[in-house]
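Participant: Below is a structure I'd like to ask you about.
The values are calculated or read from the model by the stated rules, or taken from the named source; none is laboratory data. Only a predicted model underlies this, so the values are computations on that prediction, with no experimental measurement involved. Note: ideal-geometry Cβ built from the backbone for every residue, glycine included; neighbour counts use all protein chains shown.
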Amino acid sequence: MNVNAVKPWERRAIFFILAAATALRVYKLDSPLWFDEMATVINYVRAPFAQVIADYSSFNNHLFYSIQAKLSVLAFGESPWSLRFPALLFGVGSIWLVWRIARRYCDPKVALLSAALLAVSYHHIWFTQNARGYTELMFWSLAALAAFEANRQSGDWRRWLLFALCLACAMYTHLTAAFFVAALGLTWIATLAARRFPRLLPSALAAPAGAAQWTPLFGFALGGAITILLCLPAISQMATLIGAVDDTVDIDVMAEYRNPLWSVAEGFRTIIGGSALMAVAAPVATVVMIVGGVSLWKRAPAFVLVAILQIPVTLIALSIVSMRVWPRFFFNEFAFASVFIAEGAFVLASFIAPWMERRGVLKASSGSLFLAGAAAMLAASMTMALRNYTMPKQNFEAPLRMLEAQGAEPVSVGVVGWAYVPYLNFYEKDWKRLYAASDIAALKPTDGHIWVVSAFPARTSRANADIWAVLQRDFEVAGAWPGSLGDGRVMLFRSKDQLSETSVR
């Protein structure tokens with residue numbers, strides 16, 4: 001993109017969009033942490049720096065982000081907002097990059113709408129307020145794509161240094177960046193094929209003639225070398241952890257999470273969110289997105305190819321290693337989708353406005369129709385974005401308040417399943433972790449009652465079926481607090497009466 005060609009009104013508009021995006025993400029940035037964020041604090045942010053860069057015993061360590069979160073905590077103190085501060089910066093930065101990239105290919109109004117759609121996106125706000133590396137992954141991926149498109153006609157290898165650095169930063173942030181790198185690599189191969197098969201692929205995709213067509217290879221190779229150097233302290237653990245994923249298939253209580261169809265269904269569930277408006281808007285947005293992708297294919301084929309190829313590459317790679325197909329692994333796609341939808345709206349407005357005028361239905365310019373459509377899309381997105389503020393991701397603090405109000409003694413409280421991480425490790429409560437139903441007998445009642453806290457009920461009910469059966473039979477639900485995280489409900493159980501001996505056998 002030629003930055004000098006950007007008009008003053010565009011600069012004012014993108015500044016307003018970024019300011020609004022920042023405000024939407026700063027609001028309630030200090031809301032309670034959820035499970036994965038707490039695990040990051042316990043295992044990495046509070047750990048020595050040497051452990052942060054070398055410990056890859058869990059995929060929960062987003063290496064580059066863990067380092068940044070630790071530095072943020074050292075600078076500002078430990079709090080939810082300081083842990084999420086790097087995610088906030090990269091989240092807003094990724095919106096700016098979407099505008100820059102779209103401005104290269106599209107009408108200025110389309111580029112601004114692309115950024116605005118991402119700015120009010122429920123999912124983008126959710127992940128920007130999440131002390132994890134997903135918005136950073138999006139930022140570095142988009143930066144690498146922008147460098148790829150800006151330099152791929154150049155034979156100067158020095159111009160690919162920034163590209164290589166962006167690739168390495170993406171990989172160091174999150175290993176699933178490898179799927180984006182693979183999609184980008186396949187796109188580069190397609191640029192070579194476009195020179196040999198000009199009738200099959202758009203001319204805009206073709207690589208330059210001569211040695212210049214091979215300079216991207218230097219960028220990929222250097223990016224890989226920098227990645228290896230950055231990951232060197234943890235690389236052996238990375239190999240071991242990835243190799244061991246397949247061994248967990250038979251014991252995984254949530255085996256459906258490895259099914260791509262579950263990921264698709266979960267993605268639609270979170271997009272629609274029980275809203276009748278979104279149930280209608282989502283299919284319409286899909287059609288508009290397809291129109292936009294088709295329109296961009298001739299002008300920006302590399303951009304479209306990367307967006308499309310990421311999906312099968314991710315699914316195939318995860319299936320090979322039998323890893324869970326989390327919808328968040330496709331978070332990058334929201335950046336591409338925003339551009340496709342904005343472009344699709346522009347194309348449809350250009351087609352529908354003259355059609356309506358010829359038939360006397362409505363006299364309106366394509367520009368005014370585009371603006372009306374943009375306003376409608378942004379309004380629909382905002383209604384969904386408001387869900388970010390109605391509840392925390394997981395409400396682990398509510399049971400603490402209720403137990404304190406009830407005067408429950410620590411000896412009368414147990415935790416089952418994954419709830420031990422927030423309560424025993426993060427909040428450091430002196431409660432008893434329950435491994436089996438018989439452990440309930442070790443709890444000592446307060447005023448005739450004992451209490452059990454759980455999280456992730458779908459998982460806990462399978463992994464701790466014996467305890468769950470006792471909870472269903474001899475306990476009542478004293479409180480249940482939903483969160484915006486799927487299966488993120490936190491529950492507090494209270495014994496109905498003194499437990500019988502048979503209830504703990």
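Participant: Which of the residues belonging to segment 435-453 are part of a strand (DSSP E or B) and of a type in the set (Val, Ile, Thr)? Steps first, answer last, please.
Facilitator: If we filter segment 435-453 for residues that are part of a strand (DSSP E or B), which is where we start, we get 446, 449, 451-453.
Selection gives 446, 452, 453.
Participant: How many residues does segment 68-79 contain that are surrounded by 19 or more Cβ atoms within 10 Å (Cβ to Cβ) and either in contact (Cβ under 8 Å) with a residue 40 or more places away in the chain or not hydroxyl-bearing (Ser, Thr, Tyr) (or both)?
Facilitator: Residues of segment 68-79 that are surrounded by 19 or more Cβ atoms within 10 Å (Cβ to Cβ), as a first pass: 68-70, 72.
Keeping just the survivors that are either in contact (Cβ under 8 Å) with a residue 40 or more places away in the chain or not hydroxyl-bearing (Ser, Thr, Tyr) (or both) gives 68-70.
Looking only at that region, the number is 3.
Participant: Counting only residues that are of a type in the set (A, V, I, L, M) and touching a Gly at 6+ places or on another chain (Cβ under 8 Å), which one in segment 189-223 is modelled with the lowest pLDDT? Full working, then the answer.
Facilitator: Of the residues in segment 189-223, the ones of a type in the set (A, V, I, L, M) are 189-190, 192-194, 200-201, 204-207, 209, 211-212, 217, 221-222.
Then keep just the ones that are touching a Gly at 6+ places or on another chain (Cβ under 8 Å); that gives 211-212.
Numbers: 211: 68, 212: 78.
It comes out as 211.
Participant: Another one. Does residue 195 fit the bill of being in a helix (DSSP H, G or I) and without any contact (Cβ under 8 Å) to a residue 24 or more places away in the chain?
Facilitator: Numbers: in a helix (DSSP H, G or I): yes; without any contact (Cβ under 8 Å) to a residue 24 or more places away in the chain: yes.
Considered against the rule, which asks whether it is in a helix (DSSP H, G or I) and without any contact (Cβ under 8 Å) to a residue 24 or more places away in the chain, residue 195 comes out as yes.
Participant: Inside segment 124-176, can you point out the residues that are polar (S, T, N, Q) and touching a His at 6+ places or on another chain (Cβ under 9 Å)?
Facilitator: Within segment 124-176, the subset polar (S, T, N, Q) is 128-130, 135, 141, 151, 153-154, 173, 176.
Residues satisfying the conditions are 135, 173.
Participant: Could you tell me whether residue 25 is touching a Ser or Thr at 6+ places or on another chain (Cβ under 6 Å), more than 22 Å from residue 423 (Cα to Cα) and either polar (S, T, N, Q) or in a helix (DSSP H, G or I) (or both)?
Facilitator: Details: touching a Ser or Thr at 6+ places or on another chain (Cβ under 6 Å): yes; more than 22 Å from residue 423 (Cα to Cα): yes; either polar (S, T, N, Q) or in a helix (DSSP H, G or I) (or both): yes.
The answer is yes for residue 25.
Participant: Please report, ordered by residue number, the helices (runs of 4 or more DSSP H) entirely within segment 272-388 with at least 3 residues that are over 27 Å from residue 108 (Cβ atoms) and aliphatic (A, V, I, L, M). If you could, list the steps in order and put the result at the bottom.
Facilitator: Details: elements: 276-299, 301-320, 333-358, 366-385.
Ranges flagged: 276-299, 301-320.
For every residue, the table says whether it meets (1) outside any helix (DSSP H, G or I); (2) of a type outside the set (A, V, I, L, M); (3) outside the structural domain of residue 326 (by TED's automatic domain parsing).
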{"residue": "420", "(1), (2), (3)": "no, yes, yes"}
{"residue": "429", "(1), (2), (3)": "yes, yes, yes"}
{"residue": "433", "(1), (2), (3)": "yes, yes, yes"}
{"residue": "461", "(1), (2), (3)": "no, yes, yes"}
{"residue": "469", "(1), (2), (3)": "no, no, yes"}
{"residue": "473", "(1), (2), (3)": "no, yes, yes"}
{"residue": "483", "(1), (2), (3)": "yes, yes, yes"}
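Participant: Follow-up question, since we're still on this one. What's the total number of residues in segment 155-176 that are crowded, with 21+ Cβ neighbours inside 10 Å, at pLDDT 95 or above and hydrophobic (A, V, I, L, M, F, W, C)?
Facilitator: Residues flagged as crowded, with 21+ Cβ neighbours inside 10 Å, at pLDDT 95 or above and hydrophobic (A, V, I, L, M, F, W, C) within segment 155-176 amount to 8.
Participant: Which one is farthest from residue 17 (Cα to Cα) among residues in segment 94-112 that are among the small types (Gly, Ala, Ser) and in contact with a Ser or Thr (Cβ under 8 Å, 6 or more places away or on another chain)?
Facilitator: Residues of segment 94-112 that are among the small types (Gly, Ala, Ser), as a first pass: 94, 102, 111.
Right, trim to in contact with a Ser or Thr (Cβ under 8 Å, 6 or more places away or on another chain) and you get 94, 102.
Numbers: 94: 12, 102: 15 Å.
Result: 102.
Participant: (1) under 28 Å from residue 39 (Cβ atoms); (2) of a type in the set (Phe, Trp, Tyr); (3) over 25 Å from the mean Cα position of the chain (by Cα): which one isn't true of residue 389, the others all being true?
Facilitator: (3)
Participant: Please go through (1) buried (at least 21 other Cβ atoms within 10 Å of the Cβ); (2) touching a Gly at 6+ places or on another chain (Cβ under 9 Å) for residue 112 and return the number of the only condition it doesn't satisfy.
Facilitator: It is condition (2) that residue 112 fails.
Participant: Tally the residues that are surrounded by 18 or more Cβ atoms within 10 Å (Cβ to Cβ) and in contact with a strand residue (DSSP E or B) (Cβ under 7 Å, 6 or more places away or on another chain), restricting the search to segment 409-421. Lay out the reasoning, then the answer.
Facilitator: Keep residues of segment 409-421 that are surrounded by 18 or more Cβ atoms within 10 Å (Cβ to Cβ), which gives 412-417, 419-421.
Now drop any that are not in contact with a strand residue (DSSP E or B) (Cβ under 7 Å, 6 or more places away or on another chain), which leaves 412-417, 419-420.
Final tally of qualifying residues: 8.
Participant: Oh, and also: Between 210, 219, 133, which is over 26 Å from residue 25 (Cα atoms), crowded, with 19+ Cβ neighbours inside 10 Å and not aromatic (Phe, Trp, Tyr)? Before you say what the answer is, go through the steps one by one.
Facilitator: Numbers: 210 fails: crowded, with 19+ Cβ neighbours inside 10 Å; 133 fails: over 26 Å from residue 25 (Cα atoms).
Being over 26 Å from residue 25 (Cα atoms), crowded, with 19+ Cβ neighbours inside 10 Å and not aromatic (Phe, Trp, Tyr) holds for just one of 210, 219, 133, which is 219.
Participant: Which of (1) modelled with pLDDT under 95; (2) closer than 24 Å to residue 173 by Cβ is the odd one out, the single condition residue 128 does not satisfy?
Facilitator: The failed condition is (1).
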